[in-house]
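Engineer: Shown below is the structure under consideration.
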């Protein structure tokens, strides 16, 4: 097992060895998916953007501030993925969580290709950062998947 998988799980400091092992199994399965590398890279990018963000990031996404089609599609996809993975996450079915999140790749790719996160309009920028934080939080709910990005 690659050290990157171990480090991705260790960063979350799971409460038990059993939970650590379940997360490790899930990240190993996830790493084999064709979407894994792109989503790991996207999560690394999200973490960097959020780390550099200035000011307060809103706690929720304001649908009325979604301007670009790729932005709206990502917000809709993220909301659906969070709804779809809530129970699996609570039941510690990490394979199901990461498998569902892998399906976000087309919307994530389109967002980064078509939307400028750091818009001049502060409300738009804040909303885009809130969207990315929401996505990043769920992507990082099983393991710090950005460790899988080379």
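The values are calculated or read from the model by the stated rules, or taken from the named source; none is laboratory data. As the structure is a prediction and not an experimental result, all values here were calculated from the model. Cβ coordinates were reconstructed from backbone atoms using ideal geometry, including for glycine residues, and neighbour counts include every protein chain displayed.
Engineer: For residue 62, state whether it is within 13 Å of residue 134 (Cβ to Cβ), in contact (Cβ under 8 Å) with a residue 12 or more places away in the chain and surrounded by fewer than 17 Cβ atoms within 10 Å (Cβ to Cβ).
Structural biologist: Yes; evaluated as a whole, the condition is true for this residue.
Engineer: Please go through the stretch 37-59 and pick out each residue that is assigned to a loop (DSSP other than H, G, I, E, B) and without any contact (Cβ under 8 Å) to a residue 12 or more places away in the chain.
Structural biologist: Matches in the stretch 37-59: 54 only.
Engineer: Let me ask you something else. Just one of the numbered conditions (1) touching a residue at least 40 places away in the same chain (Cβ under 8 Å); (2) surrounded by 14 or more Cβ atoms within 10 Å (Cβ to Cβ); (3) part of a helix (DSSP H, G or I) is not true of residue 113; which one?
Structural biologist: Here residue 113 clears every test but (2).
Engineer: Residues to consider are 68, 35, 11, 56; find the one that is over 25 Å from residue 93 (Cβ atoms), modelled with pLDDT under 95 and touching a helix residue (DSSP H, G or I) at 6+ places or on another chain (Cβ under 8 Å).
Structural biologist: It is 56.
Engineer: Would you point out which residue out of 77, 96, 88, 26 is within 16 Å of residue 144 (Cβ to Cβ), surrounded by 15 or more Cβ atoms within 10 Å (Cβ to Cβ) and touching a helix residue (DSSP H, G or I) at 6+ places or on another chain (Cβ under 9 Å)?
Structural biologist: Only one candidate qualifies: 26.
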